[in-house]
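Trainee: Here's a structure for you.
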């Protein structure tokens, strides 16, 4: 994981002294860009290692549930929120003059890099943000035969075109079967179609090994075990790409490594 402690800020910009986040994805970026003493509160989600790889970094920073009264108690200079943060909280904070920066959900790796720069710029730590970006060099194209991959998630959903996951698959050197079928960024993918498509690589959620749930049961369906008995599977932890932060580069590496193994075995 990444952790930088250099206290550098962009020339001409005053570094924010009191920063609060009410969005887990913003938490993850802030924890890797801003000196931790500037972070007065982050969400409870980022403090859970089952949800975020930055839980250890968030230890000791007060958690919040995204309520306006909690946020205001820290006297923030700036509050970071997301597209799906409580609208009542965002509106109330702005009505009393608090600066709120809303981060959208990225749809590409370029969007991820842009958001890193936004966080650096809005906090006055742009040099820190650029340092993080330098550590995240986008890998060049891998020379391998065409590998078709399917992302199969709980409740039988997948991710298609115009999405961050589709961009991740492309950069990793594989073809997204859902995008090839013209499916949207988040779409239902019936198991019958998955079996008919027979992708070379099946990308699953490792929560299939967690406690029982109906949503995950279909990932254990006998048909999948039979059809993909000889196919390579790879599990991508949700912490890697649920937020679309710098951690998504770990997903690229996992998928690329799996695809290269398939290419080698087929060659």
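Coordinate-derived values only; no laboratory data. Worth saying up front: this structure is predicted, and the values here are computed from it rather than measured. Here Cβ is always computed from backbone atoms with ideal geometry, including for glycine, and neighbour counts include all displayed protein chains.
Trainee: Which of the three applies to the stretch 82-144, rounded, prolate or oblate, going by the alpha-carbon gyration tensor with a ≥ b ≥ c and a/c under 1.5 meaning rounded?
Mentor: Numbers: a/c = 5.89, a/b = 1.95, b/c = 3.02.
The shape class here is oblate.
Trainee: Would you please report the Å³ per residue occupied by the convex hull of the alpha carbon atoms in the stretch 19-134? Each step should come with its number before you reach the end.
Mentor: Working: hull volume 11.3 nm³, N = 116.
Taking the convex hull of the Cα positions in the stretch 19-134, it is 97 Å³ per residue.
Trainee: What's the ranking of 50-61, 22-33 by average number of surrounding C-beta atoms within 10 Å, highest first?
Mentor: On the way: 50-61: 17.8, 22-33: 26.3.
The packing order, highest mean first, is 22-33, 50-61.
Trainee: Calculated from DSSP H runs of 4 or more alone, at -39500 (n - 2.57) each and per residue, what is the 222 nm mean residue ellipticity of the chain, nearest 500?
Mentor: On the way: 13 runs with 103 residues, N = 267.
My calculation for the chain gives -10500 deg cm²/dmol from helical runs alone.
Trainee: Applying a 10 Å radius around every beta-carbon, put 71-78, 191-198 in order of their mean neighbour count, most first.
Mentor: Working: 71-78: 17.4, 191-198: 14.0.
Descending packing order for the listed peptides: 71-78, 191-198.
Trainee: Ok, one more. For the stretch 19-134, what's the relative contact order in percent, using C-alpha pairs closer than 8 Å and at least 6 residues apart? Don't skip to the end; give the middle numbers.
Mentor: Values: 179 pairs, mean separation 30.5, N = 116.
Computed value for the stretch 19-134: 26 percent relative contact order.
Trainee: Still on this structure, I have one more. Neighbouring Cβ atoms within 10 Å as the yardstick, rank 221, 246, 188 fewest first.
Mentor: Details: 221 14, 246 22, 188 11.
So the residues, fewest neighbours to most, are 188, 221, 246.
Trainee: How big is the equivalent ellipsoid of the chain along its three axes, where each semi-axis is √(5λ) from the Cα gyration tensor, reported in whole Å from largest to smallest? Show your work: numbers first, answer last.
Mentor: On the way: eigenvalues 273, 85, 47 Å².
Ellipsoid half-lengths, sorted descending, are 37, 21, 15 Å.
Trainee: Right, another one. Place the peptides 84-90, 178-184 in order of packing, highest mean first, counting for every residue the other Cβ atoms within 10 Å and averaging per peptide. Could you put the intermediate results ahead of the total?
Mentor: On the way: 84-90: 15.3, 178-184: 17.6.
Descending mean neighbour count gives 178-184, 84-90.
Trainee: Taking the beta-carbon count within 10 Å as an exposure proxy, list 99, 47 from fewest neighbours to most.
Mentor: By the 10 Å Cβ count, ascending: 99, 47.
Trainee: Among DSSP beta bridges whose residues both lie in the chain, state the antiparallel percentage, nearest 5.
Mentor: On the way: 3 of 25 bridges.
The antiparallel fraction comes to roughly 10 percent.
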